[in-house]
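The values are calculated or read from the model by the stated rules, or taken from the named source; none is laboratory data. Computed from a prediction, not measured in an experiment: that's the story for all the values here. Cβ placement follows ideal geometry from the backbone for every residue including glycine, while neighbour counts extend to all protein chains displayed. Ligands, DNA and RNA are excluded from the accessible area calculation, which covers all protein heavy atoms including side chains. Shrake-Rupley method; radii C 1.70, N 1.55, O 1.52, S 1.80 Å.
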Amino acid sequence: MIAAMALAAITGPAFAAPRTDGTAPDAPVSGNTASARADFDGDGYADVAIGAPGGTVNGKAGAGYVAVDYGMAEGPNGVKRQLVSQNRYGVPGTAETDDRFGSTLTAADLDADGFTDLVVSSPGEDIGDAQNVGRYTILWGSVGGLATATTTVQGTSPTRAGDFDGDGHIDLVTGDRVLHGPFDRTAGPARSSALADADARIYAMAAGDLDGDGITDLVVSSSPSTTAAPRLRLFTGTHSGLVAGPGIASPDTASVDSVGLGDIDGDGRQDVVFGRSTSGAGGLVGVVRGTPDGPAPRATLLGQDSPDVPGTGESGDGFGSDVSVADVDQDGYADVVTGVPGEDVGTTKDAGMFVVLKGGRAGLTGAGAQAFTQNTAGVPGAAEENDRFGGATAVVPGYVVVSAPGENSGSGSVWVLPTGTSGVTADGSVSFGPGTLAAPTTGAQLGSALHRTSG
């Protein structure tokens, strides 16, 4: 059980006080595509959006909700929060059993008003007689936070945002379409186009400028069917939009289930970082280095049996789950945070762990790696069976955020750990779950998703 925190009761959208110390807003996290700064209320502090797709809403199990942790000077700590579901804040639709609202979350300023917006998927949504076709909802940022919403196209895949056609407006890509900005809160996107040559099933996506031309590119892990292993592929951003390109570092990138971008070796080029949580002896993390000619032909692979990487590779560990990429220790090299949710802690099965792998001139290695469990000194709580600590990860300025969707019999919880020049520290870390957020608890799986942004 996690330690309880005294939190204020939720009364509506969280209003954030503007800064009064004259300091500039937080800068984006360099090289981070997992969770660069999202600021839904425009106060200059980083916010965190947390999916609870298993949450019961109005008696409907699995309807799902999103918890928004509005950052303050003390960092994101669960004190100033908001709960959003299809039964609140004018969100279109109605909370229904197994809609799974909050399954994936993408943060971007779609309408260029200075406030970050949030795209929420509900893959179990039925539309008319069509079952489980899914739908995306846009929660619009404002001085009062995420206070209004509209729905957009159907779909069940993850989404990512970026300027994929180089026109200066943020676009949104789904599994089969590109919604081109600028977005209007009433009229929607300026136009839409098909994502040409996209595979039918999308497992993971990351957006960033790999070739340095100022136009956002897209890296996709996808497969043509549910029976085929996913492969990693590049879609290049051009003035005509995304153009399907070749596979990336095949066969090293087969069965990728998470992906991010960042400059691991400090050469000024974005590298492709990926997780293969079901591969090898307990999972793998890989890096495809960026070169002047595009992604390198082969990847560097690390597992828990690699030199200096914490732990021992064992079947089901899930090393490589939900990779996040950012310069955690402020040394100019992007680092990798990865979950290991199936890690046994002592004799406690599937208690979970997360690992920080350090970037450097030689690329990603196990040297200087850090590992944290709920039994690490200073981390709130205690390792328990099936917690799956490290199930999702993210990095915001000054903090690493991790979740344990299995905590407290599937209610889920989230941890926030400070970062600095020595990396991640448990000192001053906090945790919070649905109960302390005044949110539905049973089976909520809080932390199944944390928001993603473009690098």
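Below is a table of values for the structure above.
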quantity	calculated
Within the range 344-372, considering residues that are in contact with a Gly (Cβ under 7 Å, 6 or more places away or on another chain) and part of a loop (DSSP other than H, G, I, E, B), the one surrounded by the fewest Cβ atoms within 10 Å (Cβ to Cβ)	R361
T150 being out of contact with any Gly (no Cβ under 9 Å at 6 or more places or on another chain), of a type in the set (S, T, N, Q) and either within 14 Å of A63 (Cα to Cα) or outside any loop (DSSP other than H, G, I, E, B) (or both)	no
Cβ pairs under 6 Å, 6+ apart, first in the range 433-455 and in contact (Cβ under 8 Å) with a residue 40 or more places away in the chain, second among the charged types (D, E, K, R)	L437/R81
Only one of S250, S258, S277 that is among the polar types (S, T, N, Q), closer than 30 Å to G181 by Cα and in contact (Cβ under 8 Å) with a residue 12 or more places away in the chain	S258
Output for the range 136-162, where each listed residue is among the small types (G, A, S) and in contact with a strand residue (DSSP E or B) (Cβ under 9 Å, 6 or more places away or on another chain)	G141, S142, G145, A147, A149, G155, S157, A161, G162
Residue match in the range 284-302 (condition: of a type in the set (V, I, T), farther than 27 Å from R37 by Cα, within 21 Å of the chain's Cα centre (by Cα) and open to solvent by 50 Å² or more (accessible area, probe 1.4 Å))	no
Whichever residue in the range 62-80 is modelled with pLDDT under 90 and in contact with a strand residue (DSSP E or B) (Cβ under 6 Å, 6 or more places away or on another chain) and, among such residues, is surrounded by the most Cβ atoms within 10 Å (Cβ to Cβ)	P76
Failed criterion for P418 (all others in (1) surrounded by fewer than 23 Cβ atoms within 10 Å (Cβ to Cβ); (2) not in a strand (DSSP E or B) hold)	(2)
Test set (1) touching a residue at least 40 places away in the same chain (Cβ under 8 Å); (2) part of a strand (DSSP E or B); (3) open to solvent by 30 Å² or more (accessible area, probe 1.4 Å) - A196 fails condition number	(2)
Whichever residue in the range 124-141 is in contact (Cβ under 8 Å) with a residue 24 or more places away in the chain and open to solvent by less than 30 Å² (accessible area, probe 1.4 Å) and, among such residues, is farthest from the chain's Cα centre (by Cα)	E125
Considering residues of the range 183-210 that are of a type in the set (D, E) and modelled with pLDDT under 95 only, the residue nearest to the chain's Cα centre (by Cα)	D199
Pairs with Cβ under 8 Å, 6+ apart, first in the range 378-404 and of a type in the set (S, T, N, Q), second open to solvent by 30 Å² or more (accessible area, probe 1.4 Å)	N386/K349; N386/D350; T393/D322; S403/S448
Any hit, the range 395-405, residues being open to solvent by less than 20 Å² (accessible area, probe 1.4 Å) and of a type in the set (G, A, S)	yes
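Residues checked against (1) modelled with pLDDT under 95; (2) over 21 Å from D217 (Cα atoms):
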| residue | (1), (2) |
| --- | --- |
| L284 | no, yes |
| V288 | no, no |
| P292 | yes, no |
| A296 | no, no |
| S306 | no, yes |
